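Report on one structure; see the data block that follows.
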Amino acid sequence: MTQDDWGQIKKRLLKTVGQNNFTTWIEPIEVGPLSEGIATLYVPTTFVGNYVSQNFSDLILHELRSVDAGITRLSFKQSPSAAKPAIKTAARPAVSHARPNPMNAAPLDPNFSFDNFVVGKPNELAHAAAKRVAEGGPVTFNPLFLYGGVGLGKTHLMHAIAQELRARRPEMNVLYLSAEQFMYRFVQALRDRKMMDFKELFRAVDVLMVDDVQFIAGKDSTQEEFFHTFNALVDQRKQIIISADRAPTDIKDLEERVKSRLQCGLVVDLHPTDYELRLGILQNKVAAQLAQEPHLVVDDGVIEFLAHRITSNVRVLEGALTRLFAFASLVGREINMELTQDCLADVLRSSERKITVEEIQRKVSEHYNIRLSDMIGPKRLRSYARPRQVAMYLCKQMTSRSLPEIGRRFGGRDHTTVMHGVKRIEELKVSDGQIAEDIDLLRRALEN
Ligand code: ADP
Ligand code: MG
């Protein structure tokens, strides 16, 4: 196998794997000696070696065999020339005065500010923690770990922190990026043999923000590098802010030591939105829209209806509103219930509540730790009657069943019994904090 042969093979590989893959993975490979049917391929790092061996080895072997049919296996080895910079990088201390190149920061959305963030019960803790970190004072909790489901405002809060920090403390190096960008940079640095620059860049920030960190789970060497960056910054008492779609303990394929590191600061979650929060967000958006298009009219009840019906995530809610306004603007009509139903038929259909009476009964009996049969059955003990009334109340609120139908499913009770139960809970919700909390919890559990 000559270098020329290898050059030809590379050309063919380029066609098969595409330019991007080629530049990242194949280009840096050099061909080494061949012995006993095993072809040695030199790779810049073990990471690249592992990746290539998992993804392209069949292809490469096939091409090599077309030149030399005696080749039966590939062996990936770190190239001797790549070893040197790695050692230098490790030995060299971080340069603290180097400023990250602004090109390296992800762009921030000016709409994602604290001013535009509506605070409600589900996100008040996350918001308070974000605000505190955005003051840029001495580091109190490190890292701040924000987690929550899709569209609940993690990225919004991260951008808000970054923007506020940049405004308040312009001397600080604030670097915001997604975990995916972190990985991409890391791979690029490996490929270009610029690990030293990479390390310097990250070690020189004052505040590091990494969004959607669940992305690096299972990506072993990226995780490893992230861990080192993380530790180096914590040692220097630099602030780190992380977001993920779930709690550190629930991220699969994340090393234990990384998990425990992530948990040692403050971990706060963004809960699914409740009706009040959705209403607040919508009102804000509507006010902003109306400021731009004052001729538009929004009927009473439309916003409440949307807040009630679209519970999935804020992004969907915003999308619905944007479409509604665009539609109304185009056809020159006021935004009333009819227009809303027309314009958002698909969104409304897909977010239609499919909660059943049985589901509610099951959840409520689990919550109060009583048997389902006791809740539905005739027993009148308070410890059964109260949960029963809670379940009736939720059935009335969350399903489209009528009172007689609900009564039938609760052991054939009369509709007046159901009505009484619903009323009783409505009263208790005001006077009894525990009941209010139970209902809130149950409703959330059912909506998910
Ligand atoms: P995540 O990163 O958690 O998936 P995002 O931060 O991208 O979610 O939020 C999705 C959309 O919802 C964004 O347009 C964001 O501005 C909006 N949003 C989410 N929560 C709020 C809130 N509390 N107030 C205002 N807008 C919000
Ligand atoms: Mg996000």
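Work out the charge dipole of the stretch 248-361 with +1 on the Cβ of Lys and Arg and -1 on the Cβ of Asp and Glu about the Cα centre, then indicate which of Ala291, His271, Thr356 is farthest towards its positive end. Value computed over the given set: His271.
Secondary structure note: in the chain, about 15% of the DSSP beta bridges are antiparallel.
Under 25 Å of direct C-alpha separation, and excluding same-chain neighbours fewer than eight residues apart, Lys429 reaches these lysines: Lys121, Lys354, Lys363, Lys379, Lys396.
Here's the list of lysines a cross-link from Lys194 could span, going by alpha-carbon distance under 17 Å and ignoring same-chain residues fewer than 8 apart: Lys84, Lys88. Taken one residue at a time, the phi angles of the stretch 4-17 give Karplus couplings (6.51, -1.76, 1.60, θ = phi - 60°) of 4, 4, 4, x, 5, 4, 4, 4, 5, 5, 4, 5, 6, 9 Hz. Gly and Pro are set to x.
Length available on full extension from Gln263 to Asp115: 0.36 nm per residue minus the Cα-Cα distance, which gives 50.4 nm. Per-residue extension of 0.36 nm, minus the Cα-Cα distance of Arg323 and Ser383, leaves a gain of 16.8 nm for this segment.
Extending 7 Å from Cα along the Cβ direction at Asp432 and again at Ala167 yields two label points whose distance is 4.6 nm. Spread over its residues, the convex hull of the C-alpha atoms of the stretch 275-350 is 77 Å³ per residue. When the Cα gyration tensor is reduced to axis lengths a ≥ b ≥ c, the ratio a/c stays below 1.5 for the stretch 357-447, which is therefore classed as rounded. Computed from backbone phi with θ = phi - 60° and the Karplus coefficients 6.51, -1.76 and 1.60, the 3J(HN,Hα) list for the stretch 192-205 is 8, 6, 10, 4, 5, 4, 4, 5, 4, 4, 6, 6, 9, 7 Hz; x is used for glycine and proline. Within the straight-line cut-off of under 12 Å between alpha carbons, the aspartates and glutamates reachable from Lys11 are Glu27, Glu63, sequence neighbours fewer than 8 places apart in one chain being disregarded.
In plain terms, the residue of Tyr147, Tyr275, Tyr368 with the fewest other Cβ atoms within 10 Å comes first and the most crowded comes last, giving Tyr275, Tyr368, Tyr147. Each residue, Thr249 and Val331, gets one label point 7 Å from its Cα in the Cβ direction; the gap between the two is 5.1 nm. Under 5 Å between amide hydrogens, built in the peptide plane, is the criterion, and for Leu41 it picks out Gly32, Ser75, Phe76, Lys77 among residues at least 5 positions away or on other chains.
Counting alpha carbon pairs within less than 8 Å and at least 6 residues apart, what relative contact order, in whole percent, applies to the stretch 269-397? Over the stretch 269-397, the number comes to 20 percent. Computed from phi, the 3J(HN,Hα) profile of the stretch 61-69 under the Karplus parametrisation 6.51, -1.76, 1.60 (θ = phi - 60°) reads 4, 4, 5, 4, 5, 5, 9, 9, 5 Hz, with x in place of Gly and Pro.
Estimate the FRET efficiency between Glu30 and His228 by the formula 1/(1 + (r/R0)^6), using the beta-carbon distance for r and 25 Å for R0, to the nearest 0.05. Efficiency, from the Cβ-Cβ distance: 0.35. For the stretch 102-269, calculate the relative contact order in percent as a whole number, restricting contacts to Cα pairs under 8 Å that are 6 or more residues apart. The value is 32 percent. Taken over the C-alpha atoms, the stretch 102-269 has Rg and Dmax values of 15.0, 48 angstrom. Here the stretch 111-189 and the stretch 212-236 have alpha carbon centers that stand 17 Å from each other.
For the chain, the orientation-averaged shadow of the C-alpha convex hull comes to 30.1 nm² (one quarter of the hull surface). Think of the stretch 315-433 as a dipole: +1 on every Lys or Arg Cβ, -1 on every Asp or Glu Cβ, centred on the Cα centre; then among His367, Ser329, Ser400, His367 lies furthest on the positive end. Put a plus charge on the Cβ of each Lys and Arg, a minus charge on the Cβ of each Asp and Glu, and nothing anywhere else: the dipole of the stretch 1-69 about its Cα centre is then about 240 debye. When only Cα pairs below 8 angstrom with a gap of at least 6 residues are kept, the chain shows a relative contact order of 12 percent.
Computed from the coordinates by the stated procedures, all read-outs in this text should not be read as laboratory data. None of these values were measured; they are calculated from a predicted model. Don't worry about glycine lacking a Cβ; one is built from the backbone with ideal geometry, like all the others, and counts go over all protein chains shown.
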